[in-house]
Amino acid sequence: MRHEEPNSMLASDEPKKSNIEHPSRASEEPDPEPYRPKVLVVDDHRLIADTLVEILAGAGYQAAAAYDGWEALELVPRFQPDWLLSDVLMPRMNGVELAITVRQSHPNMAILLFSGQAGVSEILSQGIERGYEFELIAKPVHPLKLIQRLKKG
């Protein structure tokens, strides 16, 4: 082990490295990843929910699935979605009840409901009677039409 005097100088072929980063090097770092909107997909049919999540992820969205309304309510605070995309007819909590509950706690979240059943008009009417109206798209949901609708905002 070599002992150095406090005032001694060492000669070196390499220049002393500065702790200050050179401005041109800072620009070489990759830009932060652009924001990807978050979509929470809720459907009691797991295949539908999981398939929509995969389609949305492939289109540049961050997407997560919940398989009923209660699970969705647990996931909303952690995932913080920009969009709620929910089936209307589900056991335990239907999509309109879920949408109303989410709208009350997250008034700026965009909500889009979907259904393949003809009997949803009564459920939607119950929401309207309570002062809540939600956009409804028909199942089967065409992936390109869904993505176009989400991009519209």
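Computed quantities for the displayed model
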| item | result |
| --- | --- |
| Inter-probe distance in nm under a simple model that places probes 7 Å from Cα toward Cβ, at HIS106 and LYS151 | 2.3 |
| Spin-label model distance (nm) - GLU122 vs ALA138, 7 Å beyond Cα toward Cβ | 2.2 |
| Per-residue Cβ neighbour rank within 10 angstrom, fewest leading, SER115, SER105, SER86 | SER105, SER115, SER86 |
| Packing-based exposure ordering (other Cβ within 10 Å, fewest first) of VAL39, VAL76 | VAL76, VAL39 |
| FRET efficiency estimate (nearest 0.05) - Cβ-Cβ, ASP50 to GLU129, R0 35 angstrom | 0.55 |
| Amide proton proximity set for ALA63, modelled H, under 5 Å, gap of 5+ | VAL39 |
| Loop trypsin sites (Lys or Arg not before Pro), the range 107-153 (other Cβ atoms within 10 Å of the site Cβ: 13 or fewer; DSSP) | ARG130 |
| ³J(HN,Hα), Karplus 6.51/-1.76/1.60, whole Hz, each residue of the range 41-48, x for Gly, Pro | 9, 10, 7, 6, 8, 4, 4, 5 |
| Shape box of the range 32-153 [Cα atoms, principal axes, largest first, Å] | 45, 29, 25 |
| Signed unit charges on C-beta, dipole axis of the range 38-152, positive-most listed residue HIS142, GLY58, VAL42 | GLY58 |
| Which of TRP70, TRP83 has the fewest Cβ neighbours within 10 Å, and the rest in rising order | TRP70, TRP83 |
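Every number in this text was worked out from the coordinates using simple rules, so none of it is lab data. Being a predicted model, the structure only gives us computed values, none of them experimental. Here the Cβ is made from the backbone with ideal geometry for all residues, glycine too, and neighbour counts use every protein chain on show.
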